[in-house]
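Here is the structure we will look at, set down as C-alpha coordinates.
The values are calculated or read from the model by the stated rules, or taken from the named source; none is laboratory data. These numbers come from a predicted model, not from an experiment. Note that we place each Cβ from the backbone using ideal geometry, even for glycine, and neighbour counts take in every protein chain shown. Just so you know, the surface numbers come from the protein's heavy atoms only, side chains and all, with ligands and any DNA or RNA stripped out. Shrake-Rupley method; radii C 1.70, N 1.55, O 1.52, S 1.80 Å.
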Amino acid sequence: MTPQDLAAWDRPGPRYTSYPTVPLWKPIERSDIAQALSGLSEQAQVYVHLPFCAEQCSFCGCTQVVAGRQSAGDKYLDALQAQVENLELPAQRVPVQRIHLGGGTPTWMDLPQLERLHSILMSRFDPQPGAELSVEGDPQITTIEQLELLTEQGYRRLSLGVQSFHDQVLQAVHRPQLVDRVPLLLEKARSLGWTGLNLDLMYGLPYQQPEVLRRDLEHAVDLQPDRVAVFGYAHVPWIRRHQRRINEATLPGTMARAESALIAQEVFTEAGYVAIGMDHFAKADDALAIAQAKGELTRNFMGYMPGPQADMIGLGVSSISQVQGTFWQQSSRLAPWQREALGGSLEPERGWVSSGEDLLREWCIAELMCHMRLDADRLRERFSVEFKDHFADAVDGLQDLVHAGLVQVDAHGVQVKEEGRPLLRLAAAPFDAWRGGGARYSRAV
(Lines give C-alpha, C1' and ligand atoms only; values in the text may rest on other atoms or scores of the structure.)
Protein backbone atom coordinates (compact mmCIF):
# COMPACT_ATOMS: atom_id res chain seq x y z
CA MET A 1 0.00 0.00 0.00
CA THR A 2 1.27 3.45 -0.90
CA PRO A 3 0.61 6.60 1.11
CA GLN A 4 -1.72 7.70 -1.71
CA ASP A 5 -3.68 4.45 -1.39
CA LEU A 6 -4.00 4.79 2.37
CA ALA A 7 -4.90 8.50 2.24
CA ALA A 8 -7.79 7.66 -0.08
CA TRP A 9 -9.39 5.71 2.80
CA ASP A 10 -9.18 8.57 5.30
CA ARG A 11 -12.68 8.38 6.75
CA PRO A 12 -13.89 8.93 10.31
CA GLY A 13 -14.70 5.92 12.44
CA PRO A 14 -14.49 4.43 15.94
CA ARG A 15 -11.40 2.68 17.33
CA TYR A 16 -13.73 0.00 18.75
CA THR A 17 -12.38 -0.30 22.28
CA SER A 18 -16.01 -1.09 23.08
CA TYR A 19 -19.20 -2.00 21.26
CA PRO A 20 -21.38 -0.03 21.12
CA THR A 21 -18.96 2.88 21.31
CA VAL A 22 -19.04 5.26 24.28
CA PRO A 23 -20.62 8.30 22.56
CA LEU A 24 -23.78 6.24 21.98
CA TRP A 25 -24.26 5.17 25.61
CA LYS A 26 -27.27 6.34 27.60
CA PRO A 27 -28.24 6.79 31.27
CA ILE A 28 -28.13 3.47 33.11
CA GLU A 29 -29.81 2.24 36.29
CA ARG A 30 -27.77 1.34 39.36
CA SER A 31 -29.79 -1.89 39.55
CA ASP A 32 -28.31 -2.93 36.19
CA ILE A 33 -24.81 -2.37 37.59
CA ALA A 34 -25.57 -4.33 40.76
CA GLN A 35 -26.90 -7.23 38.72
CA ALA A 36 -23.78 -7.26 36.52
CA LEU A 37 -21.43 -7.18 39.53
CA SER A 38 -23.31 -10.06 41.17
CA GLY A 39 -22.18 -12.27 38.27
CA LEU A 40 -18.56 -11.09 38.25
CA SER A 41 -16.32 -13.76 36.74
CA GLU A 42 -13.19 -15.18 38.38
CA GLN A 43 -11.14 -13.75 35.51
CA ALA A 44 -11.86 -10.16 36.51
CA GLN A 45 -9.51 -7.26 36.06
CA VAL A 46 -9.32 -3.80 37.62
CA TYR A 47 -8.56 -0.47 35.98
CA VAL A 48 -7.76 2.49 38.23
CA HIS A 49 -7.87 5.98 36.74
CA LEU A 50 -5.47 8.40 38.43
CA PRO A 51 -6.10 11.71 36.65
CA PHE A 52 -3.34 13.98 37.92
CA CYS A 53 -0.53 15.28 35.69
CA ALA A 54 2.36 17.66 36.17
CA GLU A 55 1.64 19.39 32.84
CA GLN A 56 -1.27 19.83 30.41
CA CYS A 57 -0.02 18.24 27.18
CA SER A 58 -1.88 19.71 24.21
CA PHE A 59 -2.31 16.39 22.39
CA CYS A 60 -3.92 14.55 25.30
CA GLY A 61 -7.28 12.89 24.86
CA CYS A 62 -7.53 11.53 28.40
CA THR A 63 -9.42 12.83 31.42
CA GLN A 64 -6.72 14.55 33.44
CA VAL A 65 -6.15 17.34 35.94
CA VAL A 66 -3.04 19.46 36.45
CA ALA A 67 -2.58 19.66 40.23
CA GLY A 68 0.01 21.87 41.86
CA ARG A 69 -0.47 20.48 45.36
CA GLN A 70 0.14 16.90 46.37
CA SER A 71 -2.75 17.16 48.82
CA ALA A 72 -5.07 16.81 45.81
CA GLY A 73 -3.91 13.22 45.62
CA ASP A 74 -4.85 12.58 49.24
CA LYS A 75 -8.37 13.88 48.68
CA TYR A 76 -8.68 11.74 45.57
CA LEU A 77 -7.58 8.64 47.48
CA ASP A 78 -10.23 9.38 50.12
CA ALA A 79 -12.87 9.27 47.39
CA LEU A 80 -11.34 6.21 45.75
CA GLN A 81 -11.34 4.37 49.07
CA ALA A 82 -15.03 5.21 49.54
CA GLN A 83 -15.82 3.91 46.06
CA VAL A 84 -13.96 0.65 46.70
CA GLU A 85 -15.58 0.12 50.10
CA ASN A 86 -19.06 0.63 48.63
CA LEU A 87 -18.64 -1.69 45.64
CA GLU A 88 -21.36 -4.34 45.61
CA LEU A 89 -19.03 -7.24 44.93
CA PRO A 90 -19.90 -10.94 45.42
CA ALA A 91 -17.22 -11.26 48.14
CA GLN A 92 -15.20 -9.05 50.46
CA ARG A 93 -12.09 -9.78 48.38
CA VAL A 94 -12.62 -10.95 44.82
CA PRO A 95 -9.94 -12.76 42.79
CA VAL A 96 -8.48 -10.71 39.92
CA GLN A 97 -6.09 -11.53 37.09
CA ARG A 98 -5.00 -8.00 36.23
CA ILE A 99 -4.67 -4.57 37.86
CA HIS A 100 -3.74 -1.57 35.73
CA LEU A 101 -2.98 1.94 36.95
CA GLY A 102 -3.74 4.45 34.20
CA GLY A 103 -4.17 8.15 33.87
CA GLY A 104 -3.38 10.93 33.79
CA THR A 105 -0.05 10.01 35.28
CA PRO A 106 -0.17 7.38 38.05
CA THR A 107 3.43 8.17 38.98
CA TRP A 108 2.36 11.73 39.82
CA MET A 109 1.45 10.14 43.17
CA ASP A 110 4.25 10.22 45.74
CA LEU A 111 5.52 7.14 47.59
CA PRO A 112 3.13 7.34 50.60
CA GLN A 113 0.19 7.82 48.22
CA LEU A 114 1.22 4.83 46.11
CA GLU A 115 1.46 2.75 49.30
CA ARG A 116 -2.01 3.86 50.38
CA LEU A 117 -3.43 3.18 46.91
CA HIS A 118 -2.11 -0.37 47.05
CA SER A 119 -3.67 -0.92 50.47
CA ILE A 120 -7.03 0.33 49.19
CA LEU A 121 -6.95 -2.06 46.25
CA MET A 122 -5.82 -5.05 48.31
CA SER A 123 -8.72 -4.52 50.73
CA ARG A 124 -11.22 -5.71 48.08
CA PHE A 125 -9.17 -7.43 45.36
CA ASP A 126 -7.02 -10.54 45.56
CA PRO A 127 -4.45 -10.87 42.74
CA GLN A 128 -4.17 -14.53 41.79
CA PRO A 129 -0.87 -16.34 41.11
CA GLY A 130 0.47 -15.05 37.82
CA ALA A 131 -1.74 -11.94 37.90
CA GLU A 132 -0.47 -9.03 35.79
CA LEU A 133 -0.01 -5.72 37.60
CA SER A 134 0.87 -2.83 35.30
CA VAL A 135 1.31 0.92 35.49
CA GLU A 136 1.60 3.88 33.13
CA GLY A 137 4.28 6.50 33.70
CA ASP A 138 5.51 9.84 32.42
CA PRO A 139 9.26 9.38 31.95
CA GLN A 140 9.91 12.93 33.07
CA ILE A 141 8.53 12.46 36.59
CA THR A 142 8.67 8.69 37.24
CA THR A 143 11.44 7.92 39.73
CA ILE A 144 13.66 4.97 40.53
CA GLU A 145 12.19 4.91 44.05
CA GLN A 146 8.68 4.57 42.63
CA LEU A 147 9.72 1.62 40.47
CA GLU A 148 11.30 -0.06 43.49
CA LEU A 149 8.13 0.41 45.58
CA LEU A 150 5.89 -0.81 42.77
CA THR A 151 8.12 -3.87 42.39
CA GLU A 152 7.57 -4.71 46.07
CA GLN A 153 3.82 -4.43 45.45
CA GLY A 154 3.96 -6.92 42.57
CA TYR A 155 3.98 -4.64 39.52
CA ARG A 156 5.96 -5.99 36.58
CA ARG A 157 4.69 -4.16 33.49
CA LEU A 158 5.44 -0.53 32.66
CA SER A 159 4.14 1.67 29.85
CA LEU A 160 5.97 4.93 29.28
CA GLY A 161 4.19 7.74 27.47
CA VAL A 162 7.03 8.96 25.27
CA GLN A 163 5.07 10.27 22.24
CA SER A 164 8.20 11.69 20.56
CA PHE A 165 11.92 12.18 21.14
CA HIS A 166 12.07 15.34 19.01
CA ASP A 167 12.49 18.64 20.90
CA GLN A 168 10.47 20.80 18.50
CA VAL A 169 7.57 18.35 18.53
CA LEU A 170 7.59 18.07 22.32
CA GLN A 171 7.71 21.84 22.78
CA ALA A 172 4.81 22.29 20.37
CA VAL A 173 2.60 20.01 22.49
CA HIS A 174 3.82 21.47 25.82
CA ARG A 175 5.48 18.28 27.00
CA PRO A 176 8.82 18.73 28.81
CA GLN A 177 10.85 15.55 28.53
CA LEU A 178 14.54 14.75 28.84
CA VAL A 179 15.54 12.12 26.29
CA ASP A 180 17.84 10.24 28.68
CA ARG A 181 14.98 9.56 31.14
CA VAL A 182 13.48 6.82 28.95
CA PRO A 183 16.51 4.48 28.72
CA LEU A 184 17.23 5.08 32.41
CA LEU A 185 13.78 3.88 33.45
CA LEU A 186 13.77 0.94 31.04
CA GLU A 187 17.15 -0.22 32.33
CA LYS A 188 16.03 0.06 35.96
CA ALA A 189 12.75 -1.78 35.30
CA ARG A 190 14.60 -4.63 33.57
CA SER A 191 17.03 -4.89 36.48
CA LEU A 192 14.02 -5.27 38.81
CA GLY A 193 12.60 -8.12 36.72
CA TRP A 194 9.91 -6.20 34.84
CA THR A 195 8.79 -7.51 31.44
CA GLY A 196 6.37 -6.40 28.75
CA LEU A 197 7.94 -2.93 28.83
CA ASN A 198 5.99 -0.65 26.48
CA LEU A 199 6.58 2.70 24.82
CA ASP A 200 3.64 4.80 23.63
CA LEU A 201 4.50 6.88 20.57
CA MET A 202 2.41 9.09 18.30
CA TYR A 203 2.39 10.26 14.71
CA GLY A 204 0.65 13.30 13.28
CA LEU A 205 1.83 15.70 16.00
CA PRO A 206 2.87 19.29 15.18
CA TYR A 207 6.07 19.47 13.09
CA GLN A 208 6.22 15.66 13.04
CA GLN A 209 6.70 15.14 9.33
CA PRO A 210 7.49 11.56 8.18
CA GLU A 211 11.26 12.00 8.31
CA VAL A 212 10.99 13.25 11.91
CA LEU A 213 8.79 10.31 12.85
CA ARG A 214 11.21 7.83 11.31
CA ARG A 215 13.98 9.11 13.57
CA ASP A 216 11.64 8.81 16.57
CA LEU A 217 10.83 5.20 15.70
CA GLU A 218 14.44 4.22 15.03
CA HIS A 219 15.38 5.71 18.40
CA ALA A 220 12.66 3.59 20.00
CA VAL A 221 13.98 0.45 18.29
CA ASP A 222 17.44 1.15 19.70
CA LEU A 223 15.93 1.05 23.21
CA GLN A 224 14.51 -2.45 22.54
CA PRO A 225 11.17 -2.21 24.37
CA ASP A 226 9.12 -5.40 24.47
CA ARG A 227 6.10 -3.59 23.05
CA VAL A 228 5.35 -0.38 21.22
CA ALA A 229 2.09 1.39 20.47
CA VAL A 230 2.07 4.02 17.70
CA PHE A 231 -1.14 6.02 17.79
CA GLY A 232 -2.25 8.61 15.28
CA TYR A 233 -2.88 11.92 16.99
CA ALA A 234 -6.63 12.59 17.02
CA HIS A 235 -7.21 16.32 16.65
CA VAL A 236 -10.67 16.76 18.19
CA PRO A 237 -10.72 20.31 19.60
CA TRP A 238 -14.52 20.23 19.73
CA ILE A 239 -14.12 17.57 22.45
CA ARG A 240 -10.76 18.49 24.00
CA ARG A 241 -10.60 22.28 24.24
CA HIS A 242 -6.94 22.33 25.25
CA GLN A 243 -6.10 21.02 21.77
CA ARG A 244 -7.03 24.48 20.48
CA ARG A 245 -3.59 25.58 21.66
CA ILE A 246 -2.09 23.59 18.80
CA ASN A 247 -1.39 25.59 15.67
CA GLU A 248 -3.25 23.57 13.05
CA ALA A 249 -0.92 24.88 10.35
CA THR A 250 1.90 22.84 11.94
CA LEU A 251 0.01 19.54 11.79
CA PRO A 252 1.01 17.07 9.06
CA GLY A 253 -1.55 16.73 6.29
CA THR A 254 -3.42 13.59 5.31
CA MET A 255 -0.72 12.38 2.92
CA ALA A 256 2.03 12.87 5.51
CA ARG A 257 -0.04 11.05 8.13
CA ALA A 258 -0.64 8.16 5.75
CA GLU A 259 3.08 7.93 5.01
CA SER A 260 3.81 8.03 8.75
CA ALA A 261 1.43 5.15 9.49
CA LEU A 262 3.16 3.03 6.86
CA ILE A 263 6.62 4.02 8.14
CA ALA A 264 5.67 2.69 11.58
CA GLN A 265 4.74 -0.68 10.04
CA GLU A 266 7.99 -0.71 8.08
CA VAL A 267 10.39 0.29 10.86
CA PHE A 268 9.12 -2.11 13.51
CA THR A 269 8.52 -5.16 11.34
CA GLU A 270 11.96 -4.76 9.76
CA ALA A 271 13.39 -4.62 13.29
CA GLY A 272 11.80 -8.01 14.05
CA TYR A 273 8.66 -6.88 15.86
CA VAL A 274 5.32 -8.58 15.20
CA ALA A 275 2.49 -6.29 14.09
CA ILE A 276 -0.39 -6.51 16.60
CA GLY A 277 -3.77 -5.33 15.39
CA MET A 278 -3.60 -1.96 13.71
CA ASP A 279 -1.17 0.09 15.81
CA HIS A 280 0.76 -2.13 18.24
CA PHE A 281 4.02 -4.04 17.83
CA ALA A 282 5.63 -6.66 20.06
CA LYS A 283 8.64 -8.90 20.16
CA ALA A 284 7.85 -12.45 19.08
CA ASP A 285 8.31 -13.80 22.62
CA ASP A 286 6.10 -11.16 24.24
CA ALA A 287 2.71 -12.16 25.65
CA LEU A 288 0.88 -9.99 23.10
CA ALA A 289 2.50 -11.70 20.11
CA ILE A 290 1.98 -15.14 21.65
CA ALA A 291 -1.70 -14.41 22.32
CA GLN A 292 -2.21 -13.20 18.76
CA ALA A 293 -0.57 -16.35 17.37
CA LYS A 294 -2.89 -18.50 19.50
CA GLY A 295 -5.99 -16.54 18.54
CA GLU A 296 -6.38 -15.34 22.14
CA LEU A 297 -5.81 -11.61 21.71
CA THR A 298 -8.52 -9.28 23.05
CA ARG A 299 -9.20 -5.57 22.95
CA ASN A 300 -10.76 -3.22 25.49
CA PHE A 301 -10.35 0.30 26.85
CA MET A 302 -6.74 -0.45 27.77
CA GLY A 303 -5.92 -1.42 24.17
CA TYR A 304 -4.81 -4.85 23.01
CA MET A 305 -4.52 -7.41 25.79
CA PRO A 306 -3.38 -11.05 25.95
CA GLY A 307 -5.82 -13.76 27.03
CA PRO A 308 -9.58 -14.12 26.91
CA GLN A 309 -11.92 -11.16 27.35
CA ALA A 310 -12.50 -10.57 31.08
CA ASP A 311 -14.86 -8.53 33.21
CA MET A 312 -13.30 -5.18 34.05
CA ILE A 313 -14.04 -3.01 37.08
CA GLY A 314 -13.20 0.66 36.55
CA LEU A 315 -12.29 2.81 39.55
CA GLY A 316 -11.91 6.57 39.71
CA VAL A 317 -13.13 9.58 37.78
CA SER A 318 -14.23 8.86 34.16
CA SER A 319 -13.35 5.16 34.57
CA ILE A 320 -15.25 2.58 32.54
CA SER A 321 -16.42 -0.82 33.73
CA GLN A 322 -17.38 -3.75 31.52
CA VAL A 323 -18.98 -6.63 33.41
CA GLN A 324 -21.17 -9.40 32.04
CA GLY A 325 -22.15 -7.42 28.95
CA THR A 326 -22.94 -4.24 30.89
CA PHE A 327 -20.90 -1.04 30.53
CA TRP A 328 -20.90 2.03 32.75
CA GLN A 329 -18.75 5.11 33.05
CA GLN A 330 -18.17 7.28 36.09
CA SER A 331 -18.50 11.07 35.93
CA SER A 332 -15.70 12.69 33.92
CA ARG A 333 -15.67 15.76 36.19
CA LEU A 334 -13.40 15.45 39.20
CA ALA A 335 -15.25 17.55 41.81
CA PRO A 336 -18.70 15.93 41.30
CA TRP A 337 -17.17 12.47 41.21
CA GLN A 338 -15.30 13.03 44.48
CA ARG A 339 -18.35 14.51 46.17
CA GLU A 340 -20.59 11.59 45.14
CA ALA A 341 -17.99 8.96 46.03
CA LEU A 342 -17.40 10.41 49.49
CA GLY A 343 -21.15 10.64 50.03
CA GLY A 344 -21.65 6.98 49.11
CA SER A 345 -23.99 7.87 46.24
CA LEU A 346 -21.80 7.47 43.17
CA GLU A 347 -23.94 7.70 40.04
CA PRO A 348 -22.78 6.48 36.61
CA GLU A 349 -22.61 9.15 33.93
CA ARG A 350 -23.74 6.77 31.19
CA GLY A 351 -23.69 3.11 30.23
CA TRP A 352 -25.14 0.29 28.17
CA VAL A 353 -26.75 -3.09 28.78
CA SER A 354 -25.85 -5.26 25.79
CA SER A 355 -28.46 -7.30 23.99
CA GLY A 356 -27.72 -10.69 22.49
CA GLU A 357 -27.27 -9.01 19.11
CA ASP A 358 -24.83 -6.51 20.65
CA LEU A 359 -22.73 -9.35 22.09
CA LEU A 360 -22.71 -11.11 18.73
CA ARG A 361 -21.54 -8.01 16.88
CA GLU A 362 -19.06 -7.12 19.62
CA TRP A 363 -17.42 -10.52 19.14
CA CYS A 364 -17.29 -10.13 15.35
CA ILE A 365 -15.71 -6.67 15.59
CA ALA A 366 -13.17 -7.88 18.16
CA GLU A 367 -12.18 -10.81 15.93
CA LEU A 368 -11.47 -8.43 13.06
CA MET A 369 -9.68 -5.84 15.20
CA CYS A 370 -7.51 -8.45 16.91
CA HIS A 371 -7.02 -11.23 14.35
CA MET A 372 -7.94 -9.61 11.03
CA ARG A 373 -10.44 -12.37 10.30
CA LEU A 374 -13.96 -13.49 11.04
CA ASP A 375 -14.34 -17.25 10.82
CA ALA A 376 -17.80 -18.42 9.75
CA ASP A 377 -17.39 -21.82 11.45
CA ARG A 378 -16.42 -20.27 14.80
CA LEU A 379 -19.31 -17.84 14.47
CA ARG A 380 -21.75 -20.72 13.92
CA GLU A 381 -20.34 -22.75 16.84
CA ARG A 382 -20.45 -19.79 19.23
CA PHE A 383 -23.74 -18.11 18.28
CA SER A 384 -25.61 -20.59 16.03
CA VAL A 385 -25.59 -17.94 13.30
CA GLU A 386 -24.89 -18.35 9.59
CA PHE A 387 -22.43 -15.70 8.49
CA LYS A 388 -23.79 -14.71 5.07
CA ASP A 389 -27.43 -14.93 6.17
CA HIS A 390 -27.04 -12.80 9.29
CA PHE A 391 -24.52 -10.31 7.93
CA ALA A 392 -25.65 -9.74 4.35
CA ASP A 393 -25.62 -5.96 4.93
CA ALA A 394 -22.08 -6.12 6.37
CA VAL A 395 -20.89 -8.10 3.35
CA ASP A 396 -22.31 -5.38 1.12
CA GLY A 397 -20.58 -2.75 3.24
CA LEU A 398 -17.21 -4.45 2.72
CA GLN A 399 -17.37 -4.43 -1.07
CA ASP A 400 -15.23 -1.31 -1.54
CA LEU A 401 -12.44 -2.94 0.48
CA VAL A 402 -12.95 -6.22 -1.39
CA HIS A 403 -12.71 -4.51 -4.79
CA ALA A 404 -9.54 -2.75 -3.64
CA GLY A 405 -7.99 -6.14 -2.85
CA LEU A 406 -7.66 -5.38 0.86
CA VAL A 407 -10.32 -7.77 2.19
CA GLN A 408 -11.46 -11.21 1.12
CA VAL A 409 -15.05 -12.36 1.75
CA ASP A 410 -16.26 -15.89 1.00
CA ALA A 411 -18.20 -18.74 2.58
CA HIS A 412 -15.45 -19.10 5.19
CA GLY A 413 -15.97 -15.55 6.48
CA VAL A 414 -13.85 -12.39 6.26
CA GLN A 415 -10.08 -12.09 5.99
CA VAL A 416 -8.35 -8.71 6.06
CA LYS A 417 -5.15 -8.93 4.03
CA GLU A 418 -1.87 -7.65 5.41
CA GLU A 419 -2.05 -4.58 3.17
CA GLY A 420 -5.35 -3.73 4.82
CA ARG A 421 -4.01 -3.79 8.38
CA PRO A 422 -4.06 0.03 8.78
CA LEU A 423 -7.77 -0.03 7.87
CA LEU A 424 -9.01 -2.57 10.40
CA ARG A 425 -11.48 -0.11 11.92
CA LEU A 426 -13.03 0.42 8.47
CA ALA A 427 -13.26 -3.35 7.97
CA ALA A 428 -15.03 -3.68 11.32
CA ALA A 429 -17.47 -0.79 10.79
CA PRO A 430 -19.96 -2.66 8.54
CA PHE A 431 -20.68 -5.01 11.48
CA ASP A 432 -21.62 -2.03 13.66
CA ALA A 433 -25.41 -1.83 13.77
CA TRP A 434 -25.21 1.47 15.72
CA ARG A 435 -22.92 3.40 13.36
CA GLY A 436 -24.30 6.66 12.05
CA GLY A 437 -25.76 7.53 15.43
CA GLY A 438 -24.57 11.13 15.27
CA ALA A 439 -21.24 10.67 17.09
CA ARG A 440 -18.16 12.44 15.69
CA TYR A 441 -15.05 10.28 15.45
CA SER A 442 -11.42 10.79 14.52
CA ARG A 443 -10.31 9.90 11.01
CA ALA A 444 -8.90 6.51 10.05
CA VAL A 445 -5.45 7.75 8.99
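Given axes a ≥ b ≥ c from the Cα gyration tensor, I'd like to know whether segment 157-294 is rounded (a/c under 1.5), prolate (a/b larger than b/c) or oblate.
Verdict is prolate for segment 157-294.
With every protein chain in place, what's the accessible area of SER71 (1.4 Å probe, Å², nearest 10)?
70 Å²
Mind checking which of GLN140, GLN209, GLN399 has the largest fluctuation in a GNM of the chain, springs on alpha carbons under 10 Å?
GLN399
Apply the Karplus parameterisation 6.51 cos²θ - 1.76 cosθ + 1.60, with θ equal to phi minus 60°, to every residue of segment 117-131 and state each ³J(HN,Hα) to the nearest whole Hz, in sequence, with x for glycine and proline.
4, 5, 5, 4, 5, 5, 5, 10, 10, 10, x, 7, x, x, 4
For the chain, with all protein chains present and a 1.4 Å probe, just round the carbon and sulfur fraction of the accessible area to a whole percent.
Roughly 48 percent, rounded to a whole number.
Under a 1.4 Å probe, what is the accessible area of the chain per residue, stated in Å²?
Accessible area per residue, the chain: 41 Å².
Beyond 29 Å between alpha-carbons counts as too far, so tell me which of LYS26/LYS388; LYS388/LYS417; LYS283/LYS388; LYS26/LYS294; LYS75/LYS188 fall in that bin.
In this structure, LYS26/LYS388; LYS283/LYS388; LYS26/LYS294; LYS75/LYS188 exceed 29 Å between Cα atoms.
Give the average over all directions of the projected area of the C-alpha convex hull of segment 89-238, one decimal, in nm².
Mean projected area of the Cα convex hull: 10.4 nm².
For the chain, build the charge dipole from Cβ charges (+1 Lys, Arg; -1 Asp, Glu) around the Cα centre, then report which of LEU199, PRO90, PRO348 sits farthest towards its positive end.
Value computed over the given set: PRO348.
Find the relative contact order for segment 253-315 and round it to a whole percent, using C-alpha pairs within less than 8 Å whose residues are 6+ positions apart.
Answer for segment 253-315 is 18 percent.
Using +1 at the C-beta of Lys and Arg and -1 at the C-beta of Asp and Glu, which of VAL274, ALA264, GLY253 has the Cα lying farthest in the positive direction of the dipole of segment 235-283?
The listed residue farthest towards the positive side: GLY253.
Give the long-range amide H neighbours of GLY103: residues separated by 5 or more places, or on another chain, with amide H under 5 Å away, using H modelled in the peptide plane at 1.01 Å from N.
LEU50
Roughly what percent of Cα-Cα pairs across segment 39-97 reach past 13 Å?
71 percent
Please work out how much length the chain gains when fully extended from GLU145 to GLU381, using 0.36 nm per residue of separation minus the C-alpha to C-alpha distance, in nm with one decimal.
Between GLU145 and GLU381, full extension yields an extra 79.9 nm.
Explain nothing, just the number: dipole magnitude of segment 18-137 about its Cα centre with +1 on each Lys and Arg Cβ and -1 on each Asp and Glu Cβ, in debye rounded to the nearest 20. All intermediate terms of the calculation are to be shown ahead of the outcome.
On the way: 8 positive and 13 negative charges, 28 e Å.
The dipole magnitude comes to about 140 debye.
Could you derive backbone 3J(HN,Hα) for segment 375-390 from the dihedral phi with the Karplus parameters 6.51, -1.76 and 1.60 (θ = phi - 60°), listing whole Hz in sequence and x where the residue is Gly or Pro?
My calculation for segment 375-390 gives 8, 5, 5, 5, 4, 5, 5, 7, 10, 6, 10, 8, 3, 6, 6, 7 Hz in order.
How high is the relative contact order of the chain, in percent, counting Cα pairs under 8 Å that sit 6 or more residues apart?
Once normalised by length, the contact order is 21 percent.
Where the centroid of each part is defined by its Cα atoms, how far is segment 161-220 from segment 29-92 in Å?
27 Å
Evaluate the charge dipole of segment 126-178 about its Cα centre and quote only its size in Debye, nearest 20, assuming +1 on the Cβ of each Lys and Arg and -1 on the Cβ of each Asp and Glu.
Here the size comes out at about 200 debye.
Provide LYS417, LYS388 ordered by accessible surface of protein heavy atoms (probe 1.4 Å), highest first.
Details: LYS417 75, LYS388 105 Å².
If we order LYS417, LYS388 from most to least accessible, we get LYS388, LYS417.
Given VAL179, ALA287, HIS235, which one lies farthest toward the positive end of the charge dipole of the chain, if we put +1 on the Cβ of every Lys and Arg and -1 on the Cβ of every Asp and Glu?
HIS235
Could you compute how fast segment 226-311 diffuses translationally, taking Rh as the Kirkwood radius over C-alpha pairs and applying Stokes-Einstein at 25 °C with viscosity 0.890 mPa s? Give it in µm² per second.
165 µm²/s
Just from its helices, what would the mean residue ellipticity at 222 nm be for the chain, if runs of 4 or more DSSP H residues each count -39500 (n - 2.57) and the sum is divided by every residue, rounded to the nearest 500 deg cm²/dmol?
Calculated mean residue ellipticity at 222 nm is -10000 deg cm²/dmol.
Could you list which residues have their amide H under 5 Å from that of GLN163, counting only those 5 or more apart in sequence or on another chain, with H placed in the peptide plane?
For GLN163, whose amide H was placed from the backbone, the distant partners under 5 Å are ASP200, LEU201, MET202.
So what are the ³J(HN,Hα) numbers for segment 63-77, from phi and the Karplus equation (6.51, -1.76, 1.60; θ = phi - 60°), rounded to whole Hz, Gly and Pro as x?
Karplus values, whole Hz, x for Gly and Pro: 7, 8, 9, 8, 10, x, 10, 5, 4, 4, x, 5, 5, 5, 5.
Expected output is a single nm value to one decimal: the length gained when fully extending between GLN128 and SER38, i.e. 0.36 nm times separation in residues minus the C-alpha distance. What is it?
Stretched out fully, the GLN128 to SER38 stretch lengthens by 30.4 nm.
Just how large is the dipole of segment 83-173 about the Cα centre, in debye to the nearest 20, putting +1 at every Lys and Arg Cβ and -1 at every Asp and Glu Cβ?
With only Lys, Arg, Asp and Glu charged at Cβ, the dipole is about 300 debye.
Tally Lys/Arg at +1 and Asp/Glu at -1 over every other residue whose Cβ is under 9 Å from the Cβ of SER159; what's the total?
0
Less than 12 Å Cβ to Cβ from LEU426, Lys/Arg counted +1 and Asp/Glu -1: what total charge do the surrounding residues give?
Summing Lys and Arg as +1 and Asp and Glu as -1 gives +3.
If you count only protein heavy atoms and use a 1.4 Å probe, how large is the accessible surface of GLU85, to the nearest 10 Å²?
So the heavy atoms of GLU85 present about 110 Å² to solvent.
Between (i) 21.3, 61; (ii) 24.0, 81; (iii) 23.2, 71, which matches Rg and Dmax of the Cα atoms in Å calculated for the structure shown?
Recomputing Rg and Dmax of the Cα atoms in Å here gives the entry labelled (i).
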